[in-house]
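Shown next, in structure tokens, is the structure this report addresses.
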Amino acid sequence: MIYIKTAAEVELMRQSALLVSATLAEIAKLLRPGITTLSLDKTIGEMIRDHGGVPSFLGFHGYPFNSCISVNDVVVHGFPNSGELKDGDIISVDIGIIKNGWHGDHAYTFAIGDVKPEVLKLIRVTKESLYKGIEKAVTGNRIGDIGAAIQEHTEKKYGYGVVRELVGHGLGKSLHEDPQVPNYGKRGTGAKLKEGMALAIEPMINMGKKEVYTESDGWTVRTVDHSPSVHFEHDVAVQKNKADILSDYSIIEAAEKANAHLVVDQAELVS
């Protein structure tokens, strides 16, 4: 069942989403070679609770951490651990928060230090595809329009692998609601979008093959060819003329650009 949110409920969801954004911005300040993802996860949990939230992921189907932190060829659901991040790593940080009974859930991929230009390009293109998908999240369109826009920009234009096994989703009082929001598809197909639907749109794009596998821990998803994978995610409310993005990347981007250890594709800086 797809739940339509009232304007007041969308505003409550925005509060949750913005707390995720603020937490991701704090992580952007801390990222550097030598830091552990386990220490980042601890900071994430503390910040969420200090601001009146509860980590959505902790205990979700038994998940044991506050966040998912996925490095290099890990697509999503990476376990925070005591290994140190290195120069040249890319890191997707995915955070979910419950506040006032409503979920926020989004992700951002960062690049530390001397990351190869082709990997920086993958990050830029994946982020661009997120906004291509969001442009289609308007009343009267269909779910397939979102996926088709993402697929066309990443797979058809650049030859990247679009992950099939994992998709975006509805969001609200539950972390995962209907409808599913694939990052591939055919225009004009799928559920019709209605004003007040809330979606987590999240392209997961591989530099190489689209195929993935799950490790023995039951969570960590990697690319089969161990090529880099990039993940971005925004929380969006469907509206009549233009989607309402509930999360805020601007504060994350400001912290990213202020951190000398982080790098972005120069093409993105120009745009």
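The values are calculated or read from the model by the stated rules, or taken from the named source; none is laboratory data. Everything numeric in this text was worked out from a predicted model, so none of it was measured. Cβ atoms come from the backbone with ideal geometry, glycine included; neighbour counts cover every protein chain shown. Surface accessibility is based on the protein's heavy atoms, side chains included, excluding ligands, DNA and RNA. Shrake-Rupley method; radii C 1.70, N 1.55, O 1.52, S 1.80 Å.
The residue of segment 48-67 that is nearest to residue 165 (Cα to Cα), among those that are part of a strand (DSSP E or B) and either open to solvent by less than 10 Å² (accessible area, probe 1.4 Å) or acidic (Asp, Glu) (or both), is 67.
Within segment 244-264, how many residues turn out to be at pLDDT 95 or above and touching an Asp or Glu at 6+ places or on another chain (Cβ under 7 Å)? Give the derivation first.
Going residue by residue through segment 244-264, those that are at pLDDT 95 or above are 244-263.
Those left that are additionally touching an Asp or Glu at 6+ places or on another chain (Cβ under 7 Å): 246-247, 262.
Result for segment 244-264: 3.
Screening the candidates 118, 128 for the property of being part of a helix (DSSP H, G or I), touching a residue at least 40 places away in the same chain (Cβ under 8 Å) and over 17 Å from residue 176 (Cα atoms) yields one hit, 118. Here is a check on your reading of the model: is residue 32 touching a residue at least 60 places away in the same chain (Cβ under 8 Å) and open to solvent by 40 Å² or more (accessible area, probe 1.4 Å)? Against the criterion (touching a residue at least 60 places away in the same chain (Cβ under 8 Å) and open to solvent by 40 Å² or more (accessible area, probe 1.4 Å)), residue 32 qualifies. Scanning segment 141-156 for residues that are surrounded by fewer than 24 Cβ atoms within 10 Å (Cβ to Cβ) and either acidic (Asp, Glu) or closer than 15 Å to residue 118 by Cα (or both) yields 145, 152, 155.
Could we say that residue 98 is aliphatic (A, V, I, L, M), open to solvent by 40 Å² or more (accessible area, probe 1.4 Å) and not in a loop (DSSP other than H, G, I, E, B) here? It is true that residue 98 is aliphatic (A, V, I, L, M), open to solvent by 40 Å² or more (accessible area, probe 1.4 Å) and not in a loop (DSSP other than H, G, I, E, B).
When 186, 209 are screened for being farther than 30 Å from residue 6 by Cβ, open to solvent by 10 Å² or more (accessible area, probe 1.4 Å) and touching a strand residue (DSSP E or B) at 6+ places or on another chain (Cβ under 6 Å), only 209 passes. When segment 224-261 is filtered for residues that are surrounded by fewer than 23 Cβ atoms within 10 Å (Cβ to Cβ), outside any loop (DSSP other than H, G, I, E, B) and out of contact with any His (no Cβ under 9 Å at 6 or more places or on another chain), the ones remaining, listed by number, are 239, 244, 250, 251, 253, 254, 255, 256, 257, 258.
Candidates in segment 166-222 are the residues that are among the acidic types (Asp, Glu) and part of a loop (DSSP other than H, G, I, E, B); of these, the one that is nearest to residue 106 (Cα to Cα) is 202.
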